[in-house]
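The values are calculated or read from the model by the stated rules, or taken from the named source; none is laboratory data. Computed from a predicted model, the values in this text were never measured in an experiment. All Cβ positions, even for glycine, are placed from backbone atoms using ideal geometry, and neighbour counts span all protein chains on display.
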Amino acid sequence: MLDIPVIRWGKPYESLEKTEVVHFNTGEPIATVSSANGGLVSRDMRKAQKARDRLREFSCEDLIAKVDKAADLFENETLKLGDGTQSPDQFVHHQSASTGLPEHMCRKNMVKNCFVMQNMTEILECLTRGLDLDILTNGYGTESRGVIVSYQAQTPVLGAVLPSNSPGVHTLWLPAIPLQMGLVLKPGSSEPWTAYRVAAAFEAAGIPPEVISLYPGGHDVGGALMTSCPRSMIFGSQKTVDQYSGNPGVQVHGPGFSKIFLGDDCVDQWEQFIDVMAESVYINGGRSCINCSAIYASRHTKEIAQALGERLGPVEALPPDDPEAGLAAFTVPGMGKAVWDMVKQDLQADGVTDYTADYGDRVVELERASYLRPVIAHAESPECDIASKEFMFPFATVVECPQAKMIKAAGPTLVGTAITEDQKWIDQLLSATNIDRLNVGPVPTNRLNWLQPHEGNIIDFLFRSRAYQVAENKVTAIA
Amino acid sequence: MTNSSDQDLDAAVATAKDKLDQHTVEIVQRHFHESTGCPFWLGKKSELNFDPLTEVKCYEDLQKFPSFEDDWLRGGPVERWRMKDHADRPTYVFETGGTTGVPKSRVVVDDFRTDYEVFSETLPDEYFPRGGNWLMLGPSGPRRLRLAVEHLAQVRGGISFCIDLDPRWVVKLIKKGWMDHLEAYKKHCIDQAITILTANHNIKCMFGTPKLIESLCLELEERDMTLAETGVTGIFSGGTEFTPQWTRYCVEELFGGPPEESGIYMTPTYGNTLMGLACSKPVTAEEKYKISYYAPQPRAVTEVVQFDDHNQTVGYGETGRVKLTTLTPEFFVPGFLERDEGEREQPFAKFPWDGVSGVRPYHKLAAATTVGVY
């Protein structure tokens, strides 16, 4: 069994407290992981500036090349992990075993992380709008149009409190190193794998290990990380989102409430878009914030719900190593049933119909875990509670709503796919501040273009654009 | 074959048990006798199916009492807990809990002083020098701690400075998610502490909660100082967040090494308003900073009992729930189930009775408990 230490600026630290990462269903231990304590994090953060200083010894381009190399190592090589090693296949197996996510989805997430690492030049070019990266290194510089610009780093490191149940989110913190910022990560309790493997790949690719810290541990570790890192990201529930809302030092990633809007000009051809809708709801086990949780249309909504119900209702819970497995397990005992009880309550409300009711029980109980099979509901209006719900399994409500009211009724929407050619409505959608990422046309909500910002531009989060003036003669007073 | 030290320990254990049995009988007599008992226990007597005055002949006989319910300590009149022969004595009331609802209260005449005098005898003079002044950095208000630490300082010939902290407000800040306010409040306390520590008051000893000790050391570092440079040599602290890992971090990184290197000795304690202070075996790197607590027997007894049978202790090294019995001339609490669990520890020469290690929130209550708030 693997023994995984805390990593303090590249140095392993074996804690007196350890937790076990176990198989989601059998409970069989896979690894022991040292637990940090909050004070350890706070104290180590006093040396955070050294991480940035060390990274600034390399150019951004040099770091981007190392990250590119790390992508290959991450995807294809056996890398060190704690007191042992881990091959790519073992990584997939370990991640699936502890998170309940099917192995083929773990592999896809692995590829997604690699894609981001391999395309860092293009991603940063888009996120910075073509800024010369030396300007970020030096703090200022002259753009090609002859104007001095200054970007001031707001932190020497990026902190992140990572989730246990969604290994697809790691792409969000990967740009930190090429931006010459250290990484301070608290891995999720059942998903330490990605953070440790990325760190190992970075080190093997020539990135100094002393720029990365990994602190598995309890809530106090997360709290200390958030307090001591000037910029950090956290993944959590709506409660977490509300808690950090308005805090400029925290980028919070919670439920996405992503949606598909069918315009009146296209809704009569809804059958053409059923694949887009089904993929948006079902892909990645329905776990992501970019999975669609509501489909808005002014008519044909019952037929759409019927068709999606027929498509997704029969989906069975399959073993995680089955290439056809489409559902991810709830690994906290009793959680599947608890989530189902919430869904069931919403399904019983007036104006709501369950279009997956005819396809058998939705809860599948295993020895220590459970699955929820897909649920497609129909709501007669956006006022029904279920219309604004999101759950961590393939779940969506088809909502009947006049087009003119859709934007306001939709509420916060991380990804909005609008299927329409109605330019006037597209203009309104473009102006809607409650929609973060906007797709126009039949683009599944889950298909992200990595050249676009996600839930806030990381450059804006880590740097501040400010005024910087330099007199021709720095020491002579202006006459 | 047993060697002489084993025999000595066996004899000490037997002597301690005899003392506990005798003490139990005396305390029960006092609490259930009409001339001395408090209204609460005299009233309860009629509900019992046995006569405590004639049927409690040893410690184990306390199992005849029903489990002590902590709700009995909530609400008034608080005088129902005052011993009849203490009616004209100056009386304190100390509270525990109270973030929401009515707190538990305990009336006290002398107990807090006696408890801390007993505790004082366990402190090494080398690190807690007689005559040295103290800093109390923790909750005061309705709690016992401020007066108790002040008395401890006084019996050791020193004077105690006090910095107040309101844990009920801290719990509210955490529950509201007002972490900025929490940090500001913590800083407010630490700033006051550093002001006192650097004002030439000859402070050698302190009480601090783990969170505040940590914050104090970090803030001193921020000011290019160390705790040792302030003159502090002895610290006692307590709480379930006092884990081996935290202790190691504190000793190795905040203090700068074990006492012989850093000059700072820290002793964990376990206790609350209902009992005195359980002391720890010396905590060392060799034993991986294991913390084992021993109650101040016979005034208080801790047992580690089975989760489903609270009258059955677990085997040594096994895990169970912590059960507390308080047996003082002014307070009688038989078999109170603490909100903690831990492992049962063997007696040893200094404390020849059972101890408890690995104390942490009882796993079935842990999710609802806010620990380590101050």
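Brief remarks follow.
- Residue in segment A:362-373 that is more than 30 Å from A:Phe91 (Cβ to Cβ), touching a Leu at 6+ places or on another chain (Cβ under 9 Å) and not β-branched (Val, Ile, Thr) present: yes
- Members of segment A:282-300 that are assigned to a loop (DSSP other than H, G, I, E, B) and within 21 Å of the chain's Cα centre (by Cα): A:Arg287, A:Ser288, A:Cys289, A:Ile290, A:Asn291
- Every residue from segment A:253-272 that is surrounded by fewer than 21 Cβ atoms within 10 Å (Cβ to Cβ) and within 16 Å of A:Ile376 (Cβ to Cβ): A:Trp270, A:Glu271
- Of the helices (runs of 4 or more DSSP H) contained entirely in segment A:388-479, those carrying at least 3 residues that are exposed (fewer than 13 other Cβ atoms within 10 Å of the Cβ) fall at A:423-431.
- Of all the numbered requirements in (1) aromatic (Phe, Trp, Tyr); (2) in contact with a helix residue (DSSP H, G or I) (Cβ under 9 Å, 6 or more places away or on another chain); (3) assigned to a loop (DSSP other than H, G, I, E, B), B:Phe307 misses one, and that requirement is (2).
- Residues of segment B:43-75 that are of a type outside the set (S, T, N, Q), in a loop (DSSP other than H, G, I, E, B) and exposed (fewer than 14 other Cβ atoms within 10 Å of the Cβ): B:Glu47, B:Phe50, B:Asp51, B:Lys57, B:Cys58, B:Pro66, B:Glu69, B:Gly75.
- Of all residues in segment B:239-291 being within 11 Å of chain A (Cβ to nearest Cβ) and of a type in the set (Asp, Glu), the one that is nearest to B:Phe207 (Cα to Cα): B:Glu241
- Residue selected from segment A:1-60 under the condition among the charged types (D, E, K, R) and touching a Pro at 6+ places or on another chain (Cβ under 6 Å), by the criterion nearest to B:Tyr249 (Cα to Cα): A:Glu14
- Options B:Leu152, B:Leu182; residue that is under 24 Å from B:Tyr249 (Cα atoms) and either within 22 Å of the chain's Cα centre (by Cα) or within 13 Å of another protein chain (Cβ to nearest Cβ) (or both): B:Leu182
- Within segment A:246-281, the set of residues being out of contact with any Pro (no Cβ under 7 Å at 6 or more places or on another chain), under 22 Å from A:Met392 (Cα atoms) and assigned to a loop (DSSP other than H, G, I, E, B) comprises A:Gly254, A:Pro255, A:Gly256.
- Considering segment A:176-191, the residues that are at pLDDT below 95 and not charged (D, E, K, R) include one that is surrounded by the fewest Cβ atoms within 10 Å (Cβ to Cβ), namely A:Ser189.
- Filtered by the rule that a residue be outside any loop (DSSP other than H, G, I, E, B) and either in contact with a helix residue (DSSP H, G or I) (Cβ under 8 Å, 6 or more places away or on another chain) or at the interface with chain B (Cβ under 10 Å from one of its Cβ atoms) (or both), segment A:16-26 gives A:Lys18, A:Val21, A:Val22.
- Segment A:182-241, residues that are within 26 Å of B:Lys187 (Cα to Cα), part of a strand (DSSP E or B) and either within 12 Å of another protein chain (Cβ to nearest Cβ) or under 16 Å from the mean Cα position of the chain (by Cα) (or both): A:Leu185, A:Lys186, A:Gly217, A:Ser232, A:Met233, A:Ile234
- Apart from one condition, A:Val6 fits all of (1) within 14 Å of chain B (Cβ to nearest Cβ); (2) of a type outside the set (Phe, Trp, Tyr); (3) closer than 22 Å to A:Glu122 by Cα; the exception is (3).
- Residue match in segment B:109-132 (condition: crowded, with 20+ Cβ neighbours inside 10 Å, at pLDDT below 90 and in contact with a helix residue (DSSP H, G or I) (Cβ under 6 Å, 6 or more places away or on another chain)): no
- Some residue of segment A:159-167 being more than 14 Å from chain B (Cβ to nearest Cβ), under 21 Å from A:Glu20 (Cα atoms), touching a residue at least 12 places away in the same chain (Cβ under 8 Å) and touching a Cys at 6+ places or on another chain (Cβ under 8 Å): yes
- Single unsatisfied condition, B:Phe332 versus (1) under 27 Å from B:Gln245 (Cβ atoms); (2) under 17 Å from the mean Cα position of the chain (by Cα): (1)
- Segment A:242-251 - residue that is modelled with pLDDT of 90 or more and within 14 Å of chain B (Cβ to nearest Cβ) and, of those, surrounded by the fewest Cβ atoms within 10 Å (Cβ to Cβ): A:Pro248
Results for (1) free of Cβ contacts under 8 Å to residues at least 24 places away in the same chain; (2) in contact with a helix residue (DSSP H, G or I) (Cβ under 7 Å, 6 or more places away or on another chain); (3) away from chain B (no Cβ under 14 Å), shown as yes or no for each residue.
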position: A:Lys11; (1), (2), (3): no, no, no
position: A:Glu14; (1), (2), (3): yes, no, no
position: A:Glu57; (1), (2), (3): yes, no, yes
position: A:Asp68; (1), (2), (3): no, yes, yes
position: A:Asp83; (1), (2), (3): no, no, yes
position: A:Glu103; (1), (2), (3): no, yes, yes
position: A:Asn119; (1), (2), (3): no, no, yes
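- Subset tally (residues that are in contact (Cβ under 8 Å) with a residue 40 or more places away in the chain, touching a helix residue (DSSP H, G or I) at 6+ places or on another chain (Cβ under 6 Å) and not polar (S, T, N, Q)) for segment B:1-30: 2
- Scanning segment A:27-47 for residues that are under 25 Å from the mean Cα position of the chain (by Cα) and away from chain B (no Cβ under 14 Å), we see that the one that is nearest to A:Gln180 (Cα to Cα) is A:Ala31.
- Taking the criterion of being under 25 Å from the mean Cα position of the chain (by Cα) and either free of Cβ contacts under 8 Å to residues at least 40 places away in the same chain or not in a helix (DSSP H, G or I) (or both), the residues of segment A:338-359 that qualify are A:Ala338, A:Trp340.
- Segment A:417-450, residues that are within 25 Å of A:Val315 (Cβ to Cβ) and modelled with pLDDT of 95 or more: A:Thr417, A:Ile419, A:Asn439, A:Pro442, A:Val443, A:Pro444, A:Thr445
- No other residue among B:Ser120, B:Ser215, B:Ser140 is under 18 Å from the mean Cα position of the chain (by Cα), polar (S, T, N, Q) and under 20 Å from B:Met266 (Cβ atoms) apart from B:Ser120.
- Among the conditions (1) surrounded by 23 or more Cβ atoms within 10 Å (Cβ to Cβ); (2) within 22 Å of the chain's Cα centre (by Cα); (3) more than 10 Å from chain A (Cβ to nearest Cβ); (4) without any contact (Cβ under 8 Å) to a residue 60 or more places away in the chain, the only one that B:Ala193 does not satisfy is (2).
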